[in-house]
Amino acid sequence: MAQDDKVMLGHGSGGSMMRRIIDDVFLEAYGSDELLEGNDAAVLPAPAPGQRIACSTDSFVVSPLFFPGGDIGHLAVCGTVNDVATSGAKPAYLTCGFILEEGLLMDDLRRICRSMAEVAKEADVRIVTGDTKVVNRGHGDGVFINTSGIGFVPEGVDLSGANIKPGDAIIVSGTLGDHGITIMSCREGLGFSADIRSDAAPLNHMIASVMQAAPHVRCFRDPTRGGIASTLNELAEQSGVEIVVEEELVPVKPAVAGACEMLGYDVLQVANEGKMVCAVPADEAEAALSAMRSSKYGEDACVIGHAEAVDAGGKPRVLLKTAFGGTRILDMLVGEQLPRIC
């Protein structure tokens, strides 16, 4: 093989080999004006008067690196864009740090970078600065990626889980469990006959549409690790309300439901990477639903429950009204059900 067909320790040395990987891989895939300047820091335009900055950072260590519906690079951009967007901000800039393992195929790295460029373009964000380190063979599992996102929050926008009030509708933007079950099936070599694919997607444009249609939306939250069960419990605790979910209203693809039943998983605790939960006043729920369903990533959006006041002496919690007519407490995920899903 040619010298640059695989990642070598020299690609992290700061010398000519690092220059080649920067020029031939990273800049080739998503070289923004800021990156092309070659400085140690990107100087970015300041937000308009009255705006605030939203910032988020995340690290991605998913295994396998490539899976139906995406890859680690696609996932990294989507995850950080969505985290910034939940604040009501318009994501604008991303930073990207790579930890590469010696021996990683350069073609795989190029494929990851192309994927990142494509989804960044779709989300209308720019990758403006980055970093590369190389670790010895056997110490990095191929590639780890850290991304940070910066966005600008318009004046007057104040979204928080603490804003949820009794009577608010709880909406989910689509079917649950797709990502977690996809990763599990790939990693364990499970051959499902149905087409199960990751739901990883940039949701910032959909969120902006919902904010315009439902101006009093309380909050957004993406139900990643721990699934929607953990997300709803966090929101209930944050706002001091009781959240009641109707099990029959929760959208789940039959193939995912079947896989969860076979594997013994609760789909409400399985990870998602392209879904959004939001709370809105009941009288704005239809407008929010319509806005979600107008996006290709929200076609299956539906109201799954509502918030209620906590009884005197009670504590915030999440209740699930089951398909059998009973009611049970929906707990957060305890332990690690699906390791390495992001």
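The values are calculated or read from the model by the stated rules, or taken from the named source; none is laboratory data. Given the structure is predicted, the values throughout are model-derived calculations rather than measurements. Note that we place each Cβ from the backbone using ideal geometry, even for glycine, and neighbour counts take in every protein chain shown. Just the protein is used for accessible areas: all its heavy atoms, side chains included, with ligands, DNA and RNA removed. Shrake-Rupley method; radii C 1.70, N 1.55, O 1.52, S 1.80 Å.
Yes or no, residue by residue, for (1) farther than 25 Å from Lys321 by Cβ; (2) within 13 Å of the chain's Cα centre (by Cα); (3) among the hydrophobic types (A, V, I, L, M, F, W, C):
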position: Ala169; (1), (2), (3): no, no, yes
position: Ile183; (1), (2), (3): yes, no, yes
position: Asp195; (1), (2), (3): yes, no, no
position: Ala208; (1), (2), (3): yes, no, yes
position: Pro215; (1), (2), (3): yes, no, no
position: Ser230; (1), (2), (3): no, no, no
Do any residues in the stretch 220-233 that are on the phi > 0 side of the Ramachandran plot have Cβ atoms under 8 Å from those of residues that are of a type outside the set (A, V, I, L, M), where the two are at least six apart or on different chains, and which pairs are they?
-> Gly226/Gln269; Gly227/Gly177; Gly227/Gly180; Gly227/Asp266; Gly227/Gln269; Gly227/Asn272
Test set (1) assigned to a loop (DSSP other than H, G, I, E, B); (2) of a type in the set (A, V, I, L, M); (3) open to solvent by less than 10 Å² (accessible area, probe 1.4 Å) - Val217 fails condition number = (3)
Is it true that Ile170 is within 17 Å of Ala279 (Cβ to Cβ), open to solvent by less than 30 Å² (accessible area, probe 1.4 Å) and in contact with a helix residue (DSSP H, G or I) (Cβ under 8 Å, 6 or more places away or on another chain)?
-> yes
Residues of the stretch 243-271 being modelled with pLDDT under 95, surrounded by fewer than 19 Cβ atoms within 10 Å (Cβ to Cβ) and outside any helix (DSSP H, G or I), which ones?
-> Gly264, Asp266
Considering each residue of the stretch 292-308, count those that are open to solvent by less than 10 Å² (accessible area, probe 1.4 Å) and in contact with a Gly (Cβ under 9 Å, 6 or more places away or on another chain), and give that number.
-> 4
The stretch 197-207, subset out of contact with any strand residue (DSSP E or B) (no Cβ under 7 Å at 6 or more places or on another chain) and assigned to a helix (DSSP H, G or I), residue surrounded by the most Cβ atoms within 10 Å (Cβ to Cβ) | Met206
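The rows are residues; the columns are (1) in contact (Cβ under 8 Å) with a residue 24 or more places away in the chain; (2) not in a helix (DSSP H, G or I).
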site	(1), (2)
Glu28	yes, no
Leu36	no, no
Ser59	yes, yes
Val81	yes, no
Gly88	yes, yes
Leu94	yes, yes
Residues of the stretch 92-124 that turn out to be open to solvent by 10 Å² or more (accessible area, probe 1.4 Å), closer than 20 Å to Thr57 by Cα and in contact with a strand residue (DSSP E or B) (Cβ under 9 Å, 6 or more places away or on another chain), as a count | 8
Quickly run through the stretch 287-310 and pick out the residues that are farther than 16 Å from Lys165 by Cβ and of a type in the set (D, E, K, R).
-> Arg293, Lys296, Glu299, Asp300
Cβ-Cβ under 7 Å pairs, at least 6 apart or on other chains, the stretch 310-328 side over 10 Å from Val245 (Cβ atoms) and of a type in the set (Lys, Arg), far side outside any loop (DSSP other than H, G, I, E, B) and open to solvent by 70 Å² or more (accessible area, probe 1.4 Å) | Arg317/Ile329
Is the stretch 58-70 home to any residue that is aliphatic (A, V, I, L, M), open to solvent by less than 10 Å² (accessible area, probe 1.4 Å) and modelled with pLDDT of 95 or more?
-> no
Scanning the stretch 11-55 for residues that are among the polar types (S, T, N, Q) and exposed (fewer than 15 other Cβ atoms within 10 Å of the Cβ), which turns out modelled with the highest pLDDT?
-> Ser16
Residues of the stretch 150-186 being polar (S, T, N, Q) and in a helix (DSSP H, G or I), which ones?
-> Asn163, Thr182, Ser185
Among the residues of the stretch 45-55, is any charged (D, E, K, R) and either in contact with a Gly (Cβ under 6 Å, 6 or more places away or on another chain) or in a loop (DSSP other than H, G, I, E, B) (or both)?
-> no
Restricting the search to the stretch 220-229, which residues are outside any helix (DSSP H, G or I) and in contact with a helix residue (DSSP H, G or I) (Cβ under 8 Å, 6 or more places away or on another chain)?
-> Phe220, Arg221, Asp222, Pro223, Thr224, Gly226
Selected residue (only one of Gly274, Gly240, Gly314 is out of contact with any helix residue (DSSP H, G or I) (no Cβ under 9 Å at 6 or more places or on another chain) and either open to solvent by 20 Å² or more (accessible area, probe 1.4 Å) or of a type outside the set (Phe, Trp, Tyr) (or both)) | Gly314
